[in-house]
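Here is the structure we will look at.
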Amino acid sequence: MKPDLLLTNIGQLATLQGHSESPKIGADMKELSIIEGGAIAIEGGIITAVGPTAEVLAHITEMPDLPPLEFPNMLATPGFIDCHTHLAFGGSREHDFEMKLAGKTYLEILAEGGGILNTLRSTRAASEEQLTRNAFSFAESMLSMGTTTIEAKSGYGLNTASELKMLRSIEDLRRKIPAGLVSTFLGAHAVPPEFEGRPDDYVDLVINEMIPAVSETGLAEFCDVFCERGVFGLDQTRNILLAAKCAGMKLKIHADEIVQLGGAELAAELGAISADHLLMASDDGLEAMQKAGTIATLLPATAFSLNTTYADARKMIDMGLPVALATDFNPNCANDSMFFTIALACYKMKMLPREALSAATINAAHALDRGAMLGSLEVGKRADILILDCPNPEYLTWRFGVNLVHTVISNGKVIHTKLGP
Ligand code: NIG
Ligand code: FE
């Protein structure tokens, strides 16, 4: 075997092996399967050997053209998988902050035509190229902080042409950036102003025009709905997601974020791959998710930006729910750092750093239906590897929120590295 790239003498190599079929739950979430002094061989973007350095070297018949890269005292993990983002949009929303400080709630700002509806106006006004350029710069920032796979939602166009424009810009970005992209149709993110007072007519448009158009172009793998009081109710969400399921899309729900509506129960009922947010989810809803195998995707930066209570990650892990973590990068929560997300998960949701790493890698891969290919460092999986300038996982809570990236390898290629040791 002659690898293209060889990484050796890695201080701690967290493989997270053994969970390609199903996500980690319970006590397994803190088991990272660490190899001390590990090595990884890569060929054609795929991991071909992983193990203690001496064992991996014994497999190699011919050394790569490049000398091996050595990472003593560092921690290698799978690349972060940011499984919930609103990456593409026009404009920015820094002025919402003053309204928030003045005491306006998220739903009040939305009801007054701000929030999502503000971004709707700038997204409709932006060209496809502008959307791609904006998204490119955010995605580049994510890559520099170790994220090698990004889920990206539409949802700021809210008519067929503008939703398709958003999804095409995500598709265009896929060709331009060395990261994996997974696209999600979120036509039901808000009721646009032209449908004010007629939300069911908008739901009909989503079901009868947008979903067929999206499915015909193949531009989205998932369909998501913002199921929330004053946005889309349970029946509307169910109808949209059933139509999307019939059209071949996989399902996600923004569930029980601000008000307890029963989104968690609905996610379980419909066989959604994940229910996301869950700050207010009921115990019955969480139990239904646990039975159905629905992943709880938690987004603590959103709770931070809304200055609200956090989802009860500790309860969810202890009851055996698979938990994933993501940034929820969006114009209301414009932080694209998985390090910040992990810090909040540990400090505010009482997750252990090892649990947070499982949630940000292998469980996030499952939340995107990519567990077989991504999320752990095992033979046959895509070589998306993060080398952190950090000796062990616990160090992440000490240097909380800091970008500890030394080297990022995406699809077997070094796409970012520090010059120094
Ligand atoms: O996941 N809650 C709904 N959607 C986004 C926020 C979108 C926005 O405010 O622009 C979220 O938090
Ligand atoms: Fe979101």
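Here is how the numbers come out for the structure above:
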{"read-out": "Positive-end extreme of charge dipole, the chain - chosen from Thr123, Gly233, Ile409 (charges on Cβ)", "value": "Ile409"}
{"read-out": "Accessible carbon and sulfur surface of segment 81-367 relative to its total accessible area, %, 1.4 Å", "value": "52"}
{"read-out": "Accessible surface of Ile109 - all protein chains present, 1.4 Å probe, nearest 10 Å²", "value": "10"}
{"read-out": "Highest-first arrangement of 163-171, 330-338, where packing means the average Cβ count within 10 Å", "value": "163-171, 330-338"}
{"read-out": "Tensor-based shape of the chain (alpha-carbon gyration tensor, a/c under 1.5 rounded, otherwise prolate or oblate)", "value": "prolate"}
{"read-out": "Gyration tensor verdict on segment 367-421 (Cα atoms; rounded if a/c is under 1.5, prolate if a/b is larger than b/c, oblate otherwise)", "value": "oblate"}
{"read-out": "Calculated FRET efficiency for the pair Ala27/Arg399, C-beta based, R₀ 25 Å, to 0.05", "value": "0.45"}
{"read-out": "Highest-fluctuation residue, Ala135, Ala54, Ala264 considered, GNM on the chain with Cα pairs under 10 Å", "value": "Ala54"}
{"read-out": "Accessible area in square angstrom per residue, the chain, 1.4 angstrom probe", "value": "37"}
{"read-out": "Helical contribution to [θ] at 222 nm, DSSP H n ≥ 4, -39,500 (n - 2.57), averaged over the chain, rounded to 500", "value": "-10000 deg cm²/dmol"}
{"read-out": "GNM top mover of Leu321, Leu107, Leu13 - the chain, alpha-carbon springs below 10 Å", "value": "Leu107"}
{"read-out": "Accessible heavy-atom area order of Glu98, Glu140, Glu355, Glu128, highest first, probe of 1.4 Å", "value": "Glu98, Glu140, Glu128, Glu355"}
{"read-out": "Magnitude of the charge dipole, the chain, Cβ model with Lys/Arg +1 and Asp/Glu -1, debye to 20", "value": "560"}
{"read-out": "Loop sites in segment 228-259: trypsin sites (Lys or Arg not before Pro), DSSP, at most 16 other Cβ within 10 Å", "value": "Arg229"}
{"read-out": "Contour minus Cα-Cα distance for Glu36 and Ala372 (0.36 nm per residue)", "value": "118.5 nm"}
{"read-out": "Note, ³J(HN,Hα) from phi for segment 391-400, Karplus 6.51, -1.76, 1.60, rounded to Hz, x at Gly and Pro", "value": "x, 7, x, 5, 4, 4, 7, 6, 8, 4"}
{"read-out": "Residue-wise HN-Hα coupling along segment 326-335, computed from phi with Karplus coefficients 6.51, -1.76, 1.60 (Hz; x: Gly, Pro)", "value": "8, 7, 6, 3, 7, x, 9, 8, 8, 10"}
{"read-out": "Nonlocal amide H pairs with Leu261, under 5 Å, H built at 1.01 Å", "value": "Asp256"}
{"read-out": "Cα long-axis angle, helix 234-246 against the chain (0 to 90 degrees, to the nearest 10)", "value": "60"}
{"read-out": "Residues with amide H under 5 Å from that of Gly320, placed H, sequence gap 5 or more", "value": "Gly26"}
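The values are calculated or read from the model by the stated rules, or taken from the named source; none is laboratory data. Keep in mind that this is a model prediction, so the values were computed, not measured. Note: ideal-geometry Cβ built from the backbone for every residue, glycine included; neighbour counts use all protein chains shown. These area figures cover heavy atoms from the full protein model, side chains too; ligands, DNA and RNA do not enter into them. Shrake-Rupley method; radii C 1.70, N 1.55, O 1.52, S 1.80 Å.
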